Amino acid sequence: MLNKRTWIALIILGFLGALAWGVENQFFNTFIYNNITPDPRPISWMVASSAVVATLASIFMGAFSDRVRNRWGRKPFLLIGYLGWGITTALFPTAAYFHPIGIAVFMAILFDCVMTFFGSSANDSVFHAYVADITTTENRGKVMGVLEILSWVALLFVYGGAGLLIDALGYFPFFYIVGGMVFILGLISSSLLQESHYERTVPTESYFKSIINTFSWKSLKENRDFLYLLFAITLWGIAQQIFFPYLMIYIQHYLKIETLQASIIIFLAILLGGIATAYPLGMLVDKWGRKKVALIAIVAEMIGLLAFSLSRSLISLILTGILWLAPISAWTIATGAWSKDLFPEDKRGQFAGYLILFSVALTMIPGPMIGSWLTTTFGIHSVLDGQEAYIPTSLIFQVSAAATLLAAIPILRMKKTSQTSQSR
């Protein structure tokens, strides 16, 4: 049973992590597009570079936190990581001061990579290892449901209110505000953390050997289901990343929807499709089992994306937005709980890092590149602010819908188990 203090810390840290990643995933992209160059290729380069950094940071820092947790716990990693995360988020827009454009693009990618190192070290590996430490198989789905609510609340701010804030204040104050929130609230919430009791053990292998041995044939066989789950998460993630980095660009420049109307679409879709469904879905994941919910989410996501690609009116965009947002909640909760069920107890931080390898690096490199290729090849060739531009069309959602179905293949290959073992 988690106490109130732990719940408060989880809620704040979960919200901050989702907030910072939401800002990075969408408004770092639009900042480059609107303030440096309206060319989608630098966006794909930045996403790919940060994905590599996220993977390396989460694996190696996660493994390091596993190694020293019986002496230091996870807390120092979270504290330092969130503080660095806040500072580097605030610094990101200064990339626009550099000239020529090539240097500005390089600095933006560099700032994003430094920010990603802190964020991935704190959130992607150590925070999720900490959640695995303090939860059980009986309540893990519920906790993941709560964290998913926080993710959508953060995205509600990012997509529903951030555009209005940027219009009113500009990009620079916006990034200062977000960075300040991550810094201050990260400092407060990290101090509230209570560590689980860790056995005082002496590592039997070196730091690097413990990582290398994970890829041995024996280890792969022992973690067969985890590997299949990682393949499924990768295929799902690639499909989502085909359209996701270009979502706001699509709404603003292809559908030609004003900021206020776009904010209404995002606000209602997230409120009803993400926030309202997350906690019930978390309970459902514990009750029905991870596998069943994940398979339902795949089919539902395909239908939702196809419907969204055909929508043009405000109402239809809201309704179809709900149709593809709710399955994302279901998938994230189901696979998030399932992966933590399969983490080896002594390598949770390290395996959380491998989860990032498959869910970030192997998805955020090919996915945006596919979206960029679809945009530059089949999109609308235009001129924005005197510069050559490519505007994405609804094709990116249709391709993503088809690609989503591939995630079912490894899920179906996972061995059949009892309801209890499968869902817990």
*Residue-span extension gain [residue 256 to residue 276] - 0.36 nm each, minus C-alpha spacing*: 4.4 nm
_Give me the one-decimal nm value for the distance between modelled label points at residue 188 and residue 264, 7 Å along each residue's Cα-to-Cβ direction._
3.4 nm
*asked:* How would 61, 302 line up from fewest to most surrounding beta-carbon atoms within 10 angstrom?
replied: 302, 61
*Enter the angle in degrees (range 0 to 90, nearest 10) between the Cα long axis of helix 101-119 and the first principal axis of the Cα atoms of the chain, meaning the one along which they spread out most.*
30 degrees
*Rounded if a/c is under 1.5, else prolate if a/b is larger than b/c, else oblate: which is the stretch 260-400, with a ≥ b ≥ c the root eigenvalues of its Cα gyration tensor?*
oblate
*Treating only the Cβ atoms of Lys and Arg (+1) and Asp and Glu (-1) as charged, compute the dipole magnitude of the chain about its Cα centre; round to the nearest 20 debye.*
1340 debye
*Computed [θ] at 222 nm, helices only, for the chain once each DSSP H run of length n ≥ 4 contributes -39500 (n - 2.57)*: -22500 deg cm²/dmol
*Can you work out the FRET efficiency for the pair residue 169 and residue 70, with r the C-beta to C-beta distance and R0 = 41 Å, to the nearest 0.05?*
0.35
*With the chain treated as a Gaussian network of Cα nodes joined by springs under 10 Å, which of 102, 62, 22 yields the largest mean-square fluctuation?*
102
*What residue among 236, 324, 373 has the largest mean-square fluctuation in a Gaussian network model of the chain, using Cα springs under 10 Å?*
373
_Distance in nm between pseudo-label sites at residue 87 and residue 212 (7 Å out along the Cβ direction from Cα)_ = 3.4 nm
*Would you mind checking which residues have amide H under 5 Å from residue 384's amide H? H placed 1.01 Å from N; only 5 or more apart, or other chain.*
389
*Which distance in nm do the two modelled labels at residue 136 and residue 314 give, with both placed 7 Å along the Cα-to-Cβ direction?*
5.0 nm
*Build a GNM of the chain with springs between Cα atoms under 10 Å: which of 389, 361, 168 gets the top mean-square fluctuation?*
168
*Based on the Cβ-Cβ distance of residue 378 and residue 409, what FRET efficiency does E = 1/(1 + (r/R0)^6) give at R0 = 30 Å, to the nearest 0.05?*
0.65
*Binning at 20 Å from 0, report for the chain what percent of all alpha-carbon pair distances ends up in each bin.*
27, 61, 12, 0
*asked:* For a quick check: sort 317, 185 by the number of other beta carbons within 10 angstrom, fewest at the front.
replied: 185, 317
_All-pairs alpha carbon distance profile, the stretch 220-301, 10 Å steps from 0, percent_ = 14, 32, 33, 16, 4, 0
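Read-outs: derived from the displayed coordinates by stated rules, not from any lab. Source: prediction; values computed, not measured. Neighbour counts run over all protein chains shown; Cβ positions are idealised from the backbone, glycine included.
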